[in-house]
1. Give region 241-272 a look and list any residue that's charged (D, E, K, R), more than 24 Å from the chain's Cα centre (by Cα) and in a helix (DSSP H, G or I), or say none.
2. Can you give me the number of residues within region 28-59 that are farther than 15 Å from V234 by Cα and polar (S, T, N, Q)?
3. List every residue pair whose Cβ atoms sit under 6 Å apart, with the two residues 6 or more apart in sequence or on different chains, where the first one lies in region 36-51 and is closer than 24 Å to L222 by Cβ and the second, anywhere, is surrounded by 11 or more Cβ atoms within 10 Å (Cβ to Cβ) and among the hydrophobic types (A, V, I, L, M, F, W, C).
4. Cβ contacts < 9 Å: first residue of a type in the set (K, R), restricted to region 145-163; second residue assigned to a helix (DSSP H, G or I) and surrounded by fewer than 24 Cβ atoms within 10 Å (Cβ to Cβ), any location; separation 6+ or different chain. Result?
5. Quick check, is G252 at pLDDT below 85 and over 30 Å from K35 (Cβ atoms)?
6. For a quick check of your reading of the model, give me the residue pairs whose first member lies in region 187-201 and is under 22 Å from E167 (Cα atoms), whose second is assigned to a helix (DSSP H, G or I) and among the polar types (S, T, N, Q), with beta-carbon atoms closer than 7 Å and at least 6 apart or on different chains.
7. Just to be sure, is F52 modelled with pLDDT of 90 or more, surrounded by fewer than 16 Cβ atoms within 10 Å (Cβ to Cβ) and of a type outside the set (A, V, I, L, M)?
8. Yes or no: region 135-155 includes at least one residue that is touching a helix residue (DSSP H, G or I) at 6+ places or on another chain (Cβ under 7 Å) and at pLDDT below 85.
Amino acid sequence: MKKTSKFLTTSSILGFVFLYAPIISLIVYSFNSSKLVTIWGGWSIKWYGTLFQNEQIIDAALLSFKIAFITSCLAVILGTMAGFVLARMGRFKGKMILSGWISAPLVMPEVITGLSLLLLFVALENTFGWPAGRGTNTIIIAHTTFCLAYVAVIVQSRLSMLDETLEEAAMDLGAKPSSLFFLVTMPLIAPALISGWLLSFTLSLDDLVIASFVSGPGSSTLPMVIYSKVRMGVTPEINALATLMILIVAVGVIAAMLIMKRQNRLNKELKE
């Protein structure tokens, strides 16, 4: 048992080092005063000031956060509807097809998804005149398309494990279907909704391949700008930007964990 315990401890430590050592290195070098990323020149925060003066990066970051926020909200709404249908509507004609359509973006290569959406947008523009060119709207539609699949799977899984007696009790007490969903079902699946929203936000903010296909002039997202810059070599500005993004993500994850912990505690109190 001691040998097994030491092996697991060593494996865990090596795993954490492998995952987080590059991130820690990036954060440390974001405070490097030297312009050369690989040479340490002392501690400095000047690259953060330079970052906030770079209008291209700031505009791309604001656009990416805007797209990610809208995409997450749309994906949660549509994905919740799809997950609810798959989990609660029983067997119906076309359920397998619907399930396959929802699951397809999860396994489809991003290159294929991006190319197919590009061809779709071109065909729609030639036929109906909408969307007029590629830009922010086409990126939002494309991101929502594959993000709602993740939300649907999460919500479906949560609903399948949900105790339906709570909903039946609410119906026995006279709750209408709309009140039942918003006052009983939604609070119970809130952790799944939060997880789906955060996952959609992260996937949309991180996407490069699909956005490259469906974007147009003036709609370059942050990953596209970063990729265009790092092709010429990583600069301390990029390290500073990555550090700020890590900080934002960390705060979001901690907040979501606290909310889900509180929700789970409330659910246990309801069951008791």
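The values are calculated or read from the model by the stated rules, or taken from the named source; none is laboratory data. For clarity, every value in this text was computed on a predicted model and none was experimentally measured. Note: ideal-geometry Cβ built from the backbone for every residue, glycine included; neighbour counts use all protein chains shown.
1. Hits for region 241-272 are R265, K268, E269, K271.
2. The number of residues fulfilling the criteria is 4.
3. Between residues of region 36-51 that are closer than 24 Å to L222 by Cβ and residues that are surrounded by 11 or more Cβ atoms within 10 Å (Cβ to Cβ) and among the hydrophobic types (A, V, I, L, M, F, W, C), the close pairs are V37/V234; W47/A240; Y48/A240; L51/A240; L51/L241.
4. Going by the 9 Å Cβ cut-off, the qualifying pairs are R158/A87; R158/L188; R158/P191; R158/L193; R158/S195.
5. yes
6. Filtered contacts from region 187-201: L188/N267; A190/Q263; P191/Q263; P191/N264; L193/T80.
7. It is false that F52 is modelled with pLDDT of 90 or more, surrounded by fewer than 16 Cβ atoms within 10 Å (Cβ to Cβ) and of a type outside the set (A, V, I, L, M).
8. There is no residue in region 135-155 that is touching a helix residue (DSSP H, G or I) at 6+ places or on another chain (Cβ under 7 Å) and at pLDDT below 85.
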